[in-house]
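First comes the structure, then the notes that go with it.
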Amino acid sequence: MQQRRLGRTDLSVSRICLGSMTWGEQNSEAEGHAQMDIAFERGVNFIDTAELYPIPPKAQTQGRTEEIIGTWMRARGNRRDVVLASKVVGRTANEWFRGGRPSKLVRADIVDAVEKSLKRLQTNYIDLYQIHWPDRPTPWGANPTRIGIASDQAGETVDDETPIEETLAVLGDLVEQGKIRHLGLSNESSWGVMRFVAASERGDGPRIATLQNAYSFVNRTYEVNLAEVCQREDIGLLAYSPLAQGYLSGKYDHGALPKGSRKQLFDRLQRYEKPYAGEAILAYNELARQFGMEPALFANAFVTSRPFVASNIVGATNLDQLAMALDSADVEWTQEMQEAVDAIHQRFGNPCP
């Protein structure tokens, strides 16, 4: 599988990154191990996880996903072959991450997160360590997660907002200690990315290498401002939710609700259930079928083919889904496909930011 360089780092990663957020909830340890085995046999070398996982976030399950990855790497003895990415939670009122208190992006909380992740992952370093969402309130268009500070009004400040420079300095110390190699952001805005870049240029900490934001047919907001920021600053996009949490697989078309699906189990897909989202999703899924493809293959191929996507983070709950996601790296994305996709985009825009 073709690899791409992550920003200005020495890391080269596969065009497909294996997402892991179902392991420990919808998937067992054995199933997670099987997914990693198959993905790496197909040329994947990149795994993305987080201290938050599995999804949905719960005190009872938090950290299980990292544990599953840790037991797999230990059993296979392949840590050196894995580019491993994890994340620290942003500001949250949920107290289970820090043993009974809310969490922010301050020194004590970041150090606590890293140490716990290293223990669960059974490793002494993390290749790419990402801030899962900002410490500050941000507009919904910046793709913040609802577990963060959604109770605050978007765009407002909070009295004890942690300065970006302070957070970056802590992460810089962890790089110097060898516990993390490179830094990334997630669910960030153009303003936030540039503030991190400016802080690093002033010497406040290491340079950001990646940005992990949602990107799919129904959410191309990255192209508006972030694409130029990241291109000019050599920051690689790690695209998540290429299937819009399953909607672009076609399984929910016409109101279907498959047993065992994320929607049926957890009903947490409201981001992809906004006005006009259903019409847009159905249009893309029907277009895929017109090109003779399964919608999931078509949607993943679109994301994987984008020149600004360093790696497409795919997720699966069974091996058939995984195989189709991996196959997207081999799809030849044509001008005809792009023009047809853009025509739908002109009609519906970004209904699911």
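Only one residue in T92, T49 is buried (at least 17 other Cβ atoms within 10 Å of the Cβ), within 21 Å of N213 (Cα to Cα) and modelled with pLDDT under 95, so which one is that? Working first, answer last.
Numbers: T49 fails: modelled with pLDDT under 95.
T92 is the lone residue from the list that is buried (at least 17 other Cβ atoms within 10 Å of the Cβ), within 21 Å of N213 (Cα to Cα) and modelled with pLDDT under 95.
Looking only at region 183-193, which residues are crowded, with 19+ Cβ neighbours inside 10 Å and either out of contact with any Pro (no Cβ under 7 Å at 6 or more places or on another chain) or over 22 Å from I47 (Cα atoms) (or both)? Before the answer, list the steps.
Start the filter on region 183-193 by keeping residues that are crowded, with 19+ Cβ neighbours inside 10 Å, which leaves 183-189, 192-193.
Hits for region 183-193 are G184, L185, S186, S189, G192, V193.
Quick test of your reading of the structure: A343 fulfils all but one of (1) in a loop (DSSP other than H, G, I, E, B); (2) without any contact (Cβ under 8 Å) to a residue 12 or more places away in the chain. Name the failing condition by number.
Result: A343 passes all but (1).
Are any residues in region 172-189 touching a residue at least 40 places away in the same chain (Cβ under 8 Å) and over 18 Å from S86 (Cβ atoms), and if so, which ones?
Residue satisfying the conditions is S189 alone.
Against the definition (surrounded by 18 or more Cβ atoms within 10 Å (Cβ to Cβ) and over 21 Å from T317 (Cβ atoms)), how does S103 come out, yes or no?
Values: surrounded by 18 or more Cβ atoms within 10 Å (Cβ to Cβ): yes; over 21 Å from T317 (Cβ atoms): yes.
Yes.
Quick one: A113 ticks every box in (1) modelled with pLDDT of 95 or more; (2) buried (at least 16 other Cβ atoms within 10 Å of the Cβ); (3) not in a helix (DSSP H, G or I) except a single one, so which number is it?
Going through (1) modelled with pLDDT of 95 or more; (2) buried (at least 16 other Cβ atoms within 10 Å of the Cβ); (3) not in a helix (DSSP H, G or I) one by one, A113 breaks only (3).
List every residue pair whose Cβ atoms sit under 6 Å apart, with the two residues 6 or more apart in sequence or on different chains, where the first one lies in region 104-115 and is of a type outside the set (K, R) and the second, anywhere, is at pLDDT 95 or above and part of a helix (DSSP H, G or I).
Going by the 6 Å Cβ cut-off, the qualifying pairs are L105/T167; I110/V170; V114/L174.
Against the condition of a type in the set (D, E), under 30 Å from R5 (Cβ atoms), exposed (fewer than 14 other Cβ atoms within 10 Å of the Cβ) and modelled with pLDDT of 95 or more, how does D127 come out, does it pass? Don't jump to the end; show me each part of the working.
Values: of a type in the set (D, E): yes; under 30 Å from R5 (Cβ atoms): yes; exposed (fewer than 14 other Cβ atoms within 10 Å of the Cβ): no; modelled with pLDDT of 95 or more: yes.
No: the conditions fail for D127.
Scan region 98-122 residue by residue and report those that are over 21 Å from the mean Cα position of the chain (by Cα) and farther than 18 Å from G172 by Cβ.
Once the filter is applied, which keeps residues that are over 21 Å from the mean Cα position of the chain (by Cα) and farther than 18 Å from G172 by Cβ, region 98-122 yields R98, G99, G100, R101, P102, K119, Q122.
Give A209, A244 a once-over and let me know the one that is on the phi > 0 side of the Ramachandran plot, small (G, A, S) and touching a strand residue (DSSP E or B) at 6+ places or on another chain (Cβ under 8 Å).
Working: A209 fails: on the phi > 0 side of the Ramachandran plot.
Of A209, A244, the one residue that is on the phi > 0 side of the Ramachandran plot, small (G, A, S) and touching a strand residue (DSSP E or B) at 6+ places or on another chain (Cβ under 8 Å) is A244.
I'm checking my understanding of the structure. Among residues of region 170-206 that are part of a helix (DSSP H, G or I) and of a type in the set (S, T, N, Q), which one is farthest from A310 (Cα to Cα)? I'd like the intermediate steps shown before the answer.
Quick first cut of region 170-206, residues part of a helix (DSSP H, G or I) only: 170-176, 190-201.
Still in the running and of a type in the set (S, T, N, Q): 190, 200.
Details: S190: 18, S200: 21 Å.
By that ranking, first place goes to S200.
Conditions (1) of a type in the set (S, T, Y); (2) at pLDDT 95 or above, marked per residue:
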| position | (1), (2) |
| --- | --- |
| L269 | no, no |
| Y276 | yes, no |
| I281 | no, yes |
| Y284 | yes, yes |
| G292 | no, yes |
| R306 | no, yes |
| A323 | no, yes |
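Out of (1) under 14 Å from F217 (Cα atoms); (2) buried (at least 24 other Cβ atoms within 10 Å of the Cβ), the odd one out for Y276 is which?
(2)
Considering each residue of region 302-328, count those that are closer than 16 Å to R42 by Cα and among the hydrophobic types (A, V, I, L, M, F, W, C), and give that number.
Result for region 302-328: 9.
Would you point out the residue of region 246-259, among those that are in contact with a Ser or Thr (Cβ under 8 Å, 6 or more places away or on another chain) and of a type outside the set (A, V, I, L, M), that is surrounded by the fewest Cβ atoms within 10 Å (Cβ to Cβ)?
First, pick out the residues of region 246-259 that are in contact with a Ser or Thr (Cβ under 8 Å, 6 or more places away or on another chain): 246, 248, 251-252.
Still in the running and of a type outside the set (A, V, I, L, M): 246, 251-252.
On the way: G246: 20, K251: 18, Y252: 25.
Among residues in region 246-259 that are in contact with a Ser or Thr (Cβ under 8 Å, 6 or more places away or on another chain) and of a type outside the set (A, V, I, L, M), the one surrounded by the fewest Cβ atoms within 10 Å (Cβ to Cβ) is K251.
Report the residue count in region 222-245 for those that are modelled with pLDDT under 95 and either crowded, with 20+ Cβ neighbours inside 10 Å or within 20 Å of Y272 (Cα to Cα) (or both). Reasoning before the result, please.
Filtering region 222-245 down to residues modelled with pLDDT under 95 leaves 224-225, 245.
Next, only the ones that are either crowded, with 20+ Cβ neighbours inside 10 Å or within 20 Å of Y272 (Cα to Cα) (or both) stay: 224, 245.
The total comes to 2.
Quick one: how many residues across region 301-338 are within 18 Å of R4 (Cα to Cα) and part of a helix (DSSP H, G or I)?
First, the residues of region 301-338 that are within 18 Å of R4 (Cα to Cα): 301-314, 325-333.
Keeping just the survivors that are part of a helix (DSSP H, G or I) gives 301-305, 325-330.
Adding up the residues that qualify gives 11.
The values are calculated or read from the model by the stated rules, or taken from the named source; none is laboratory data. Note that the structure is a prediction, hence the values are computed from the model and not measured. Using ideal geometry, Cβ is built from the backbone for each residue, glycine included, and neighbour counts are taken over all protein chains shown.
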